[in-house]
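Remarks on the structure that follows.
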Amino acid sequence: MLEILLEIGIAVSISLATLAFVRCIVRTFR
Amino acid sequence: MATLGQILTLISLFLSVLVVILGFSQKRHLLQATVEATSALFFIDLAASFCLLELLVTHDFSNRYVASYTDSSMPLVYILTAFWAGEKGALLFWALVQAGLMMLVALTENDAIQKGVLAIMGIAHSFFAVLMVFASNPFETFSTSSGPPDGNGMNPLLQNPLMAVHPPLQLAGFVAWSVPFALGMSSLLFGAVGVQWLKVARKWYLLAWALHTAGLVVGGLWAYVELGWGGFWGWDPVENGALLPWLTGTAFIHSAAVELRTSRFRMWNYILISLTFILCIFATFLTRSQLIHSLHSFQNSVLTPYFLYYLVFLTVGCLFVLGTRHKYLHGSPKLGGVFTRQGLILLGNILFLLLTFVVMWGTLLPKFSESKMFQDVINGMVKIWNSLNISFVHEITEPLAVGPDWFNKTTAPIGALLLLLSGLAPLLPYKSTIPKDIFRKLAMPALLSVLSSVVTLALLESQTPETKNFFIRIRSLGFLSGVILILFANFSLFVALIDFYSAIRAKMASANIGFLRALGNVFSANPRRFGGHIVHMGVALCFLAIAGYGQRTEIKDAVLKPMQSVSIGKNDLVFLGLRSTYSRDGYASLVAKILVAPKDYTDMTVRLDEIPSDVQIEPGERPFLWLVKFKQQEDAINFFLKHFSAVFLQQEMVLAEVDRKNLAVALAPRSLEAINLIPGEFHRLADQLKQVASILGHDRISLEMSKGDPLLFLRFRDGPLFQSFIQGFSMKPRFLGVSYDPSEPFKIKVIPEGMFKVVEPEVRAYPKFENPTTEVAIDVGIFSDLYLAFAKAPGSQSIMLTVSQNPFISLFWIGSFVMIICVVMLFWLGIFSRKPQVTAVFCGEVVQNVGKEGFNA
């Protein structure tokens, strides 16, 4: 159970980081 | 998962460098990009942390870190805390907290404030990311194999709930100082150096102080309950290292309050916050460098040069920034006299720095004095001194070291002065000199503190069994300093209480409201003043505890056989015996049962069902409370054997075989693991039975030990004796101790259960660690703690008991809790309060318009 939660945590964190990084790129080259 | 972790740490390094590059930019849209990069950084660190936790909980021993700090038998909670228990995991934790704080700054402060701040915090993050990527990666795997079948496990000393929270609090405290440091530096680099940055920084330095204090206090509590030497601060080099930034940080909080009020101490505050942050890194360096031998050190760390370079970089960087901006840091108003609040705060600051120097000197002396040059300088001074013929001093030939006594003696007077200042300063105005009514203001707290000190001393005397007269004891320096600390602590306490009380009374009268509502109103109307009072009250309670602790009574390594006792304070401590157990958490415990019986106990009213009605009960000789007199010797012996089985054997042994026909039994230990882990444990059990057999006579009971298995064979002469022995295994024990002396054949001495407390210190043995750990037993009292720890003495049944009566120690934990909670509340109020108007000050473009005048805003 804990492993599944941790894996979901990893996936969500990486997704949010990707989103933030894309926004960072967009704002940098705006 | 390990590969993903390694990639994530690499991305973390890239993103932190990106934050630094973008964060130092002057363009507004790049500032917004910095915030996004900070979010990405935080989520990447979070993902990396989840990866490490997953490796830990799945017992992936192909990962070096997991194999080094966990094993498959550890409880889940300690597997999770292994995240920060080792050096590599602590680096990732540090990076995560740093990124989390950067994210929090980005969320709670406006764009203009984030400028430069995120970049400077990004530098701190980059350092830890560099360490993870190039030197000490928590995701490193075994290169040639898939790892060991099981891990090494965690050091048993760290398997304690307090140790689960001490490292994260301490690390978070260190990291949190980076926020006010970054705000200060960014104000120097990009904005105006007025009080604006302090207004923003206030909640952050309060958070850092609260976390740092909580880290130190929880560490002290862990040392108190786990290490078994009876104290909470051992002046260990790494403890001292963590104390240094706390001292400078506390000095900074006070002088920042002065700058916020009077715009004074501007340069001083920049120096203090820089010093605090540098000392946080220095404290971490001390833990990793093995510069000084310490309990806390990480073994074989490769990080020493990295930390050294980082320390040099930070020091040079701070000096450079302060040097280039120093001309803008003058022009503050004059001090207004020493006897003003700011004058006393300055004096307090000097004392805090003196304390920092003293602690640092004592900590680093073993290293300094290794150097030939240091020895030559000291010996040169010694020669000059000796040539003056004042007194003879020996030259030094080997490294010097100082112990806890030296630290206590040197820090106590400075601490006492600081305590006095904490009481005096709130009575004085900030700028003007001594007010006319100062004596009236002083009189009440001074009078109350003298009266309450008399009460405190009387309480202290009642907790310490000193036979010497008070007026003789006061001549000793230790006792006198305790009395002075009590007096100053009470003074500080009453200054705060009286101010609170006056304000509440005025509020109750003016608003016609109740006490509690008035208290809430008074606090929320001026949280800075009354928050300060509450923290000072907490400090005063801590000092009362220190004064009390200084008068503790201690008995060290008293060798006791079962039923022997020692006296401490008003109690007799009776060693009832040992028992061993095995825990599902993978360790065996040897438990010493110690009865705490008041010396003056005389009550004999209780009568138990187990005692036959036709026997007499009389008060027994200490430690036995009852003497049970029988009419027949055989009845006495049967009674003794039944209760001996119930009290001493039942918990540790089982009847493996019962032969009713031949009146024989085979006994096996309850826990084979305990027998295997605790050296000599089976012999202890056998010796217990041998003693009984020799007391009752070998013609009544004969004992044999099995050659191969851990089994004991007993044969009884007659049926009633055999029955009594068997019965004892199935009955609930009603006594704590039972004894039979053949010279008094009709009498059995017993200690009934349930009349007094029994405390049980332990020694734990772990399968993967050679040294057993001490688990102390503390009987917590309102006015004093009874503190017990033991070690096995030579001889299978004996122990060496260390016991101390620690007066007022609870006040230290209460005082610390009060301080921390109050400061957390002030941080909380700071987060949700109206934001100070600082946009124009921090924004690069506006500063250029304001010009040099802007720096003196």
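The values are calculated or read from the model by the stated rules, or taken from the named source; none is laboratory data. No experiment lies behind these values; they were computed from the predicted model shown. Reconstructed Cβ throughout: ideal geometry from the backbone, glycine too, with neighbour counts over all protein chains shown. Note: areas computed on protein heavy atoms with side chains; ligands, DNA, RNA excluded. Shrake-Rupley method; radii C 1.70, N 1.55, O 1.52, S 1.80 Å.
Laid out as a table, the results:
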read-out: Integer Hz, Karplus 6.51/-1.76/1.60 couplings in order for the stretch B:788-804, x for Gly and Pro; value: 10, 9, 9, 9, 6, 9, x, x, 5, 9, 8, 10, 10, 9, 10, 9, 9
read-out: Residue-by-residue Karplus 3J(HN,Hα) for the stretch B:342-358, coefficients 6.51, -1.76, 1.60, Hz, glycine and proline x; value: 5, x, 5, 5, 4, 4, x, 4, 5, 5, 4, 5, 5, 4, 4, 5, 4
read-out: At R0 = 41 Å, FRET efficiency that the Cβ-Cβ distance of residue B:451 and residue B:831 yields, to 0.05; value: 0.50
read-out: Accessible surface, per residue, of the stretch B:49-140 when the full set of protein chains is kept, probe 1.4 Å, Å²; value: 24 Å²
read-out: Solvent-accessible heavy-atom area per residue, rounded to whole Å², over the stretch B:652-767 at 1.4 Å; value: 49 Å²
read-out: Chain B: relative contact order in percent, alpha carbon pairs under 8 Å with at least 6 residues between; value: 13 percent
read-out: Distance in nm between pseudo-label sites at residue B:146 and residue B:718 (7 Å out along the Cβ direction from Cα); value: 6.8 nm
read-out: Positions from the stretch A:10-30 whose accessible area shrinks by 30 Å² or more when the full protein complex is built, not the chain alone, probe 1.4 Å; value: A:10, A:13, A:14, A:16, A:17, A:20, A:21, A:24, A:27, A:28, A:30
read-out: Segment residue B:524-residue B:436, extension gain: residue separation times 0.36 nm, minus the distance between their alpha carbons; value: 28.7 nm
read-out: Cα long-axis angle, helix B:161-176 against chain B (0 to 90 degrees, to the nearest 10); value: 10 degrees
read-out: Relative contact order of the stretch B:483-570, pairs being alpha-carbon contacts under 8 Å that are 6 or more residues apart, as %; value: 36 percent
read-out: Total accessible area lost when B and A pair, probe 1.4 Å, Å² to nearest 100; value: 1800 Å²
read-out: Rough spin-label spacing in nm, given labels placed 7 Å along Cα→Cβ, for residue B:770 and residue B:384; value: 4.8 nm
read-out: Paramagnetic label zone (point 7 Å from Cα along Cα-to-C-beta, residue B:396; backbone N under 12 Å) in the stretch B:345-388; value: B:361-382
read-out: At most 10 other Cβ within 10 Å, DSSP loop - trypsin sites (Lys or Arg not before Pro), the stretch B:675-750; value: B:707
read-out: Computed [θ] at 222 nm, helices only, for the protein assembly as shown once each DSSP H run of length n ≥ 4 contributes -39500 (n - 2.57); value: -19500 deg cm²/dmol
read-out: Chain lengthening between residue B:672 and residue B:29 when straightened (0.36 nm per residue, less Cα-Cα); value: 224.5 nm
read-out: Inter-label distance, nm, simple model (7 Å from Cα along the C-beta direction), residue B:358/residue B:687; value: 4.7 nm
read-out: Sequence-separation-based contact order of the stretch B:643-764, relative, with Cα cut under 8 Å and 6+ spacing, percent; value: 28 percent
read-out: Heavy-atom accessible area order for B:45, B:659, largest first, 1.4 Å probe; value: B:659, B:45
read-out: Rounded percent of accessible protein surface that carbon and sulfur make up, the protein assembly as shown, 1.4 Å probe; value: 63 percent
read-out: Derived scalar couplings ³J(HN,Hα) [the stretch B:522-537; Karplus, 6.51 cos²θ - 1.76 cosθ + 1.60; whole Hz; x for Gly, Pro]; value: 4, 5, 6, 6, 9, x, 5, 5, 7, x, x, 4, 5, 4, 5, 5
read-out: Rounded tilt (10° steps) of B:266-289 against the dominant C-alpha axis of chain B; value: 40 degrees
read-out: Sites residue B:704 and residue B:732, calculated FRET efficiency, Cβ-Cβ separation with R0 35 Å, nearest 0.05; value: 0.75
